[in-house]
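Here is the structure we will look at, set down as structure tokens.
The values are calculated or read from the model by the stated rules, or taken from the named source; none is laboratory data. Since we're looking at a predicted model, the values are computed, not measured. Ideal geometry is used to build each Cβ from the backbone, glycine not excepted, and the neighbour counts take in all protein chains shown. Protein only, heavy atoms only, side chains kept; ligands, DNA and RNA dropped before computing areas. Shrake-Rupley method; radii C 1.70, N 1.55, O 1.52, S 1.80 Å.
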Amino acid sequence: MKDKRLPRAANSELYMSLGDEAQVLWDEMHEITLDEAHLRRNRIVTAQKTDPVHKRFDMLRTRLLLAMREHNWSRIAVTGVTEGCGASFVAANLALSVARMESVRTILFDMHFTKPELANLLGVENPGRLSDYLGGHISPEEYLIRAGQSLALGLNDTKVYHSSELIQQMMTTDVLSEMQDLLCPDMVIFDLPSVLDSDDVLGFLPNVDGVLLVVGGGQSLPEEVQRAEQALGDKTQLLGVVLNKAESLFS
């Protein structure tokens, strides 16, 4: 993978700090403006503070940030018990909520290789191929799209049917480690497929510090939730259970 970090002058006695180098790369990303009307149609309520539901996501954001800072964590996965629980909805709203805190650098990845939907949810056209990035073919500042000062989007518009193999390749781990070193994000959110329907989740867990489990209100059966919690609890830190499609958003 090529390294696009700016060369330092040989005779310079002052080197840019790690944070300054990261900001250079953030500034190099292609920047877009998300369409507020499109976000409202898709119930992405946290971009603006007009819908009172945003407060629930803000509370979730604050709880996560406190826990992550306490344990020096930065990477979280969001997954549903089964398909249709709304994990992408939760991941997108959480990312936009964090992004309102401009001092907190956030990156949101769509890891639904067989059914990518975050680009449509956010209204982003031609977002690129996540497989090209995870395969080490392009640098993070070339692939990621910046929406505002502190939110980067790692989206996808191409299905990959060997996703489990791609996720578990060493190159994926190396690429994500490099991203962490170069861009210095405070929070990286990975929107993953549902835990009971895909082995992508368990294969990807070594790359994250913890998981948010999304339960579909009126959809997820108690035994399914228990199976999902057990599967995740054996592999990683369960950060919380989010109750979607119900009056109470999270627990």
Worksheet entry | Residues being in contact (Cβ under 8 Å) with a residue 60 or more places away in the chain, open to solvent by 10 Å² or more (accessible area, probe 1.4 Å) and within 16 Å of Asp186 (Cβ to Cβ) - total across the range 70-95 | 4
Worksheet item: Quick one: what pairs do we get from the range 134-151, first residue closer than 24 Å to Ser97 by Cβ and open to solvent by less than 10 Å² (accessible area, probe 1.4 Å), second hydroxyl-bearing (Ser, Thr, Tyr) and assigned to a strand (DSSP E or B), C-beta under 8 Å, 6+ apart or different chains?
Response: Ser150/Thr106; Leu151/Thr106
Practice prompt. Could you grab me the full set of residues in the range 96-126 that are within 18 Å of Leu25 (Cα to Cα), open to solvent by 10 Å² or more (accessible area, probe 1.4 Å) and outside any helix (DSSP H, G or I)?
Written response: Glu102, Ser103, Arg105
Fill in: Flag if Ser198 is hydroxyl-bearing (Ser, Thr, Tyr), in contact with a helix residue (DSSP H, G or I) (Cβ under 7 Å, 6 or more places away or on another chain) and at pLDDT below 95
no
Discussion item. I need the full set of residues from the range 219-251 which are among the charged types (D, E, K, R), under 14 Å from Leu205 (Cα atoms) and either modelled with pLDDT under 90 or open to solvent by 100 Å² or more (accessible area, probe 1.4 Å) (or both), in order please.
Written reply: Asp234, Lys235
Item to complete: List the number of the failed condition for Ala67; all other conditions in (1) open to solvent by 40 Å² or more (accessible area, probe 1.4 Å); (2) touching a Phe, Trp or Tyr at 6+ places or on another chain (Cβ under 8 Å); (3) in a helix (DSSP H, G or I) hold.
Response: (1)
